[in-house]
Amino acid sequence: MTTPPPEEIRFRPKFWPVVITIPTFFVLVGLGVWQMNRLAWKTEIVAYREAQLSVPAVALTDEPVQVEFRRVLVEGEFLHDKEMFLAATLDGRFGFHLITPLRRGDGSFVLVNRGWIPPGMRESWLRVDSRLEGTVAIEGIIRSSPGRSRLSPDNDPAKNYWFWRDYEAMAAYAGVDAPPFMVEAGPAENPGEVPIGREFKVELRNEHFQYVIIWFSLAIVLAVIFVVSQRTPLEPPDKTTG
């Protein structure tokens, strides 16, 4: 019994698969490269913030430019009648960050994010114990404004509802001349258990490596499918002619 010769395969790509596959392949590779750049950028930001948080706290200065995430110490008296409420979540629960102007010993002001409160505690009489009186010392971190995202609703100063950190508008609402940053208080417990301060740790999602894997994997799969699908058996010569 004679074994038939192995079937010869030829790579013969057709016009439309080429037109569709090649641009798509380069788009997927481009997305992978873009995510690699984003990964490097995000990694640098995380490293910078962790470095700032590892440095001991220093006294807040009057420099016009402050360093984001630098740990600082500030003393003064809270203006509780000027409280503002910035929409925020804590462990999936909706509530507000309690923003309160602090009058320093030299008469200057700074906005302080004292921490998170549940929505049912907006009224100050419900948290009388938390209204620290007299001179207080706050350890926190410098937070600049990330600006308004496209999904952020308009702030509503008339109702004292704030959805993004517009420090200039907040200072104007409180009637104080405060710099364009905020001191975010740390985890020190407040009387009455609220507001709840923020832990000094970097909470920044960094999933770009996963996207790098996804885009490059899709590009490889597309290339394999294209090569396999465009291979066709070579027709044997017609022995009845010639």
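Could you grab the pairs with beta carbons closer than 6 Å, sequence gap of 6+ or different chains, first residue in segment 122-149 and free of Cβ contacts under 8 Å to residues at least 40 places away in the same chain, second one among the hydroxyl-bearing types (Ser, Thr, Tyr) and crowded, with 16+ Cβ neighbours inside 10 Å? Here the result reads 145/167, each pair linking segment 122-149 to a residue that is among the hydroxyl-bearing types (Ser, Thr, Tyr) and crowded, with 16+ Cβ neighbours inside 10 Å. Residue 186 meets each of the listed conditions (1) of a type outside the set (Phe, Trp, Tyr); (2) open to solvent by 60 Å² or more (accessible area, probe 1.4 Å); (3) modelled with pLDDT under 90 apart from (2).
Pairs linking a residue in segment 23-48 that is part of a helix (DSSP H, G or I) to a residue that is aliphatic (A, V, I, L, M) and modelled with pLDDT under 90, with Cβ atoms under 8 Å and 6 or more positions apart or on different chains, are 32/212; 35/212; 36/212; 39/212; 42/204; 45/204; 46/202; 46/204. Considered as a group, the residues in segment 153-171 that are open to solvent by less than 80 Å² (accessible area, probe 1.4 Å) and free of Cβ contacts under 8 Å to residues at least 12 places away in the same chain include one that is nearest to residue 110 (Cα to Cα), and that residue is 156. Residue 209 falls short on exactly one of the conditions (1) over 22 Å from residue 119 (Cα atoms); (2) open to solvent by 60 Å² or more (accessible area, probe 1.4 Å); (3) modelled with pLDDT of 90 or more; (4) not in a loop (DSSP other than H, G, I, E, B), and that condition is (3). A residue that is within 27 Å of residue 107 (Cα to Cα), touching a His at 6+ places or on another chain (Cβ under 9 Å) and either assigned to a loop (DSSP other than H, G, I, E, B) or not acidic (Asp, Glu) (or both) occurs somewhere in segment 187-196.
The values are calculated or read from the model by the stated rules, or taken from the named source; none is laboratory data. Please read all numbers here as calculations on a predicted model, not as lab measurements. Heads up, the Cβs are rebuilt from the backbone with ideal geometry, glycines too, and the neighbour counts pull from every protein chain shown. Accessible surface areas use protein heavy atoms only, side chains included; no ligands, DNA or RNA. Shrake-Rupley method; radii C 1.70, N 1.55, O 1.52, S 1.80 Å.
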